[in-house]
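The values are calculated or read from the model by the stated rules, or taken from the named source; none is laboratory data. This is a predicted model, so every value here is computed, not measured. Every residue, glycine among them, receives a Cβ derived from its backbone with ideal geometry; neighbour counts consider all protein chains shown.
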2 protein chains.
Amino acid sequence: MFTVRVRDRGSRARAGTLHLAHGEVATPAFVPLATRGAVKTLEPRDVAGLGYEMVLGNTFHLMLAPGPELIAELGGLHEMMRWPAPIITDSGGFQVFSMGHGGVADEIKGRRGPQASADSSGSILAVEEQGVRFRSYLDGGERFLGPETSMAVQAALSSDIALVLDECTPFHVTRDYTARSMERTHRWLTRCLDWHEREGPAGQRVYGIVQGGIEPDLRAASTQEVAASRCDGIAIGGSLGQDKPQMRAVVDWTTAELERVAPSRPRHLLGIGEIDDLIEGVRRGIDTFDCAMPTRLGRHGMALVPDPGRRWRIDLHKPRFRRDREPIMAACRCPACAQGFSRAYLHYLLRARELTGLRLVTLHNLSFVARVMSDLRAAIERERFDEVAAQLHAGAAPGAATRSTS
Amino acid sequence: MFTVRVRDRGSRARAGTLHLAHGEVATPAFVPLATRGAVKTLEPRDVAGLGYEMVLGNTFHLMLAPGPELIAELGGLHEMMRWPAPIITDSGGFQVFSMGHGGVADEIKGRRGPQASADSSGSILAVEEQGVRFRSYLDGGERFLGPETSMAVQAALSSDIALVLDECTPFHVTRDYTARSMERTHRWLTRCLDWHEREGPAGQRVYGIVQGGIEPDLRAASTQEVAASRCDGIAIGGSLGQDKPQMRAVVDWTTAELERVAPSRPRHLLGIGEIDDLIEGVRRGIDTFDCAMPTRLGRHGMALVPDPGRRWRIDLHKPRFRRDREPIMAACRCPACAQGFSRAYLHYLLRARELTGLRLVTLHNLSFVARVMSDLRAAIERERFDEVAAQLHAGAAPGAATRSTS
């Protein structure tokens, strides 16, 4: 299901192709979120037009509404949302555990803007060996998510890649808790794979998830355990620490171990997507990423720009953009910039809460990330990864690398 | 500026072309609202893609934010919103007077869905011969709108067609009030035209507005007065009564008089856009229409369908659409239906408050209206107006008439 075409000599970066039931995905790739069966503000043709070959649907939200039975009745998630290309679905675990663990604001993953989703009105009732009982944020009703439930829901969604259910161990727990949680995740991995072997849809691939928190030996143990399973690919989940250096260290240990025990299986890094993290993730051998960042920022009027000093973003609500006639980014080929919409106009639309403004900034952000990934893929293929990574880190406009070598 | 190409033999319907500073508009035409400088949820390329050649910007909203100075600095409204084709701007009068007169819910025009705009938080302070003092709904500050102000703002916007400021006489007033209000509107007409002659942008056309409420003799007098002025076109404004028969009667008297005194000038019917009203307006000789209906309904999940028994609309929020795999409308060529989005999916998106859902229904509705107008234009050109109007009234899918004769 995965072909590695080129491996970088100076790093673990690699360019490859995922061969999935609904088509191929060139890697490394970013996977935009279609949380509730739509990439927010966009149509599938927009997402494909930006160059994306895969999106991610959230099992947690989709199992609550419209529900797996209805999605199956409507022909599966692809057919329902009219996205003909590959889809990853997550397991639902991250959202369920986010309701219970709290404290995610201290972690690098899970930080949210001012308008967090409605998850917080739900709650965990019990975490047991069988699975998790929780209260739906939609109707207050009690629901259950266990390894088999998660796989069954993902089977109904008919995604190309399903993720096994893991316990998303939070950051503020003891080493002992992390170790016991990881062991449960490994038992759930086996149950997920057993269920999938018996009842999973033909052609659906399953990724196991490495846990172990920020403990090097636990991460190594988890990596070996997951690699030893029948899973088709491997995702890195759980707490990635409280800052970027810690997150990169966790990814580093894990992919170093994966190089040893599972060099040919594809790797997904869950919930990470800032520009520098994408570059550094690719360097460490990550093949796919998903993150709410570009779309969520877009809906908050934050536009991505090639400026590492500003965390690659500007806040278009700021008064300084009121009279700014420039596009978000000079020479940008995204639909918003290429059509000539000025920062002043976007500033105005965002302040007036016009939905057109949210859409335009979302298009820009996803286009920006798509070009970063395209640059990184091209760089690996041309044996210039280090050079291009340094250029992007220094604030080179994405797309420049691709242009200069094509 | 206006060429009448074909006049229907059995009615006052006519097909023509408006020749405007930013291009031509085939009439009869519907003009979508770009209230705050954007057709809500859409980009200009979407609106053009549906076949529209002109949009309407609201002077009232745009003068409050971002303001005429900034819009002029950004190159005018066309440049700011990146819509290269013709734009009509209204005078701001309708919104200002809606804040003061109240009781619009009893009138055929001005009825609103559950989420009315923020206008109601502003208020009128005084209506004087010079103009109207009112409180901004944005910052509570006092503002003034008079005939010269309105024309100056519209000059800054650089619209292709400016409307003169009129007093929008409400429905629940005495005949005497209506008569005095109409006379003030006529004095304001002269002041608007005087200002425009001295300071208006070259190439901007000005429409006068016929008032007179539901009094046949006042409507006739107003029509004669406006027709006798130097205005380039004529809009029908003010109270159009409390139901469709009364509204059609008012339009009928007015266009009958216009046939006599201004047969070659273009006519715009303000704020009317339901499907049957479009058909009957065209029959009575209206050339252009604007209305919030298709876009506002879209954002409320109401989709247009060829079903006069249901007022040409279905509410996609209704539970009966939960499992409905059909598109909004069979064989519909709109972007939502042509891409195969089902009613069930739209129902789900709307309930989940996904912005993609609002956009898709808006696209459908504007496409539906565009095809109704295209059918009516084609019918007039082919001397089949009566037949096509009857088919559309009976629930023929728009686009069918065009197809069957092409």
Options B:G203, B:G212: the member that is assigned by TED's automatic domain parsing to the domain that holds B:A256, assigned to a loop (DSSP other than H, G, I, E, B) and surrounded by fewer than 23 Cβ atoms within 10 Å (Cβ to Cβ): B:G203
Any hit, the range B:328-345, residues being away from chain A (no Cβ under 14 Å), part of a helix (DSSP H, G or I) and within 29 Å of B:F385 (Cα to Cα): no
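Would you confirm whether any residue within the range B:228-241 is of a type in the set (K, R), outside any helix (DSSP H, G or I), crowded, with 24+ Cβ neighbours inside 10 Å and in contact (Cβ under 8 Å) with a residue 24 or more places away in the chain?
no
Considering each of B:A26, B:A48 in turn, give the residue that is out of contact with any strand residue (DSSP E or B) (no Cβ under 7 Å at 6 or more places or on another chain), modelled with pLDDT of 95 or more and under 17 Å from B:A85 (Cβ atoms).
Every option except B:A48 fails the conditions.
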Residue within the range A:296-304 that is touching a strand residue (DSSP E or B) at 6+ places or on another chain (Cβ under 8 Å) and closer than 25 Å to A:G93 by Cα present: yes
Residue within the range B:15-28 that is polar (S, T, N, Q), under 19 Å from B:R135 (Cα atoms) and crowded, with 23+ Cβ neighbours inside 10 Å present: no
Residue in the range A:218-226 that is of a type in the set (K, R) and either farther than 24 Å from A:S150 by Cα or surrounded by fewer than 20 Cβ atoms within 10 Å (Cβ to Cβ) (or both) present: no
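Taking the conditions exactly as written (more than 22 Å from A:E24 (Cα to Cα), within 16 Å of the chain's Cα centre (by Cα) and modelled with pLDDT of 95 or more), does A:P294 satisfy them or not?
Numbers: more than 22 Å from A:E24 (Cα to Cα): yes; within 16 Å of the chain's Cα centre (by Cα): yes; modelled with pLDDT of 95 or more: yes.
Yes, satisfied.
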Residue within the range B:269-279 that is among the acidic types (D, E), in contact with a helix residue (DSSP H, G or I) (Cβ under 7 Å, 6 or more places away or on another chain) and in contact (Cβ under 8 Å) with a residue 40 or more places away in the chain present: yes
Residues within the range B:351-377 that are in contact (Cβ under 8 Å) with a residue 24 or more places away in the chain, within 14 Å of chain A (Cβ to nearest Cβ) and more than 18 Å from B:Q339 (Cα to Cα), tallied: 1
Residue list for the range B:302-325, filter: within 14 Å of chain A (Cβ to nearest Cβ) and within 25 Å of the chain's Cα centre (by Cα): B:L316
Test: residue in the range A:109-124 that is farther than 24 Å from A:R299 by Cα, at pLDDT 80 or above, in contact with a Leu (Cβ under 8 Å, 6 or more places away or on another chain) and in the same structural domain as A:R198 (by TED's automatic domain parsing): no
Residue in the range B:145-166 that is outside any helix (DSSP H, G or I), closer than 22 Å to B:Q242 by Cβ, touching a strand residue (DSSP E or B) at 6+ places or on another chain (Cβ under 9 Å) and of a type outside the set (G, A, S) present: yes
Checklist (1) within 13 Å of chain B (Cβ to nearest Cβ); (2) in contact with a Lys or Arg (Cβ under 8 Å, 6 or more places away or on another chain) applied to A:E381, failing item: (1)
Candidates A:R191, A:R143 - the one that is in the same structural domain as A:A228 (by TED's automatic domain parsing) and in contact with a helix residue (DSSP H, G or I) (Cβ under 6 Å, 6 or more places away or on another chain): A:R191
Test result for B:R14, within 12 Å of chain A (Cβ to nearest Cβ) and among the charged types (D, E, K, R): no
Residue in the range B:227-240 that is hydrophobic (A, V, I, L, M, F, W, C), closer than 18 Å to B:Y177 by Cα and at pLDDT below 95 present: yes
Tally, over the range A:171-222, of residues that are basic (K, R), over 25 Å from A:V153 (Cα atoms) and within 23 Å of the chain's Cα centre (by Cα): 1
Residue count for the range B:223-277, restricted to those that are among the β-branched types (V, I, T), over 21 Å from B:A15 (Cβ atoms) and within 18 Å of the chain's Cα centre (by Cα): 1
Considering residues of the range B:1-58 that are touching a residue at least 40 places away in the same chain (Cβ under 8 Å) and of a type in the set (S, T, N, Q) only, the residue farthest from B:A156 (Cα to Cα): B:S11
Conditions (1) at pLDDT 95 or above; (2) touching an Asp or Glu at 6+ places or on another chain (Cβ under 8 Å); (3) surrounded by fewer than 24 Cβ atoms within 10 Å (Cβ to Cβ): number failed by B:Q130: (2)
Helices (runs of 4 or more DSSP H) (entirely within the range A:26-102) containing at least 1 residues that are within 14 Å of another protein chain (Cβ to nearest Cβ), farther than 21 Å from A:M373 by Cβ and not small (G, A, S): A:59-64, A:68-73, A:77-81
Residue match in the range A:149-167 (condition: buried (at least 16 other Cβ atoms within 10 Å of the Cβ), modelled with pLDDT under 90, of a type in the set (S, T, N, Q) and in the same structural domain as A:G203 (by TED's automatic domain parsing)): no
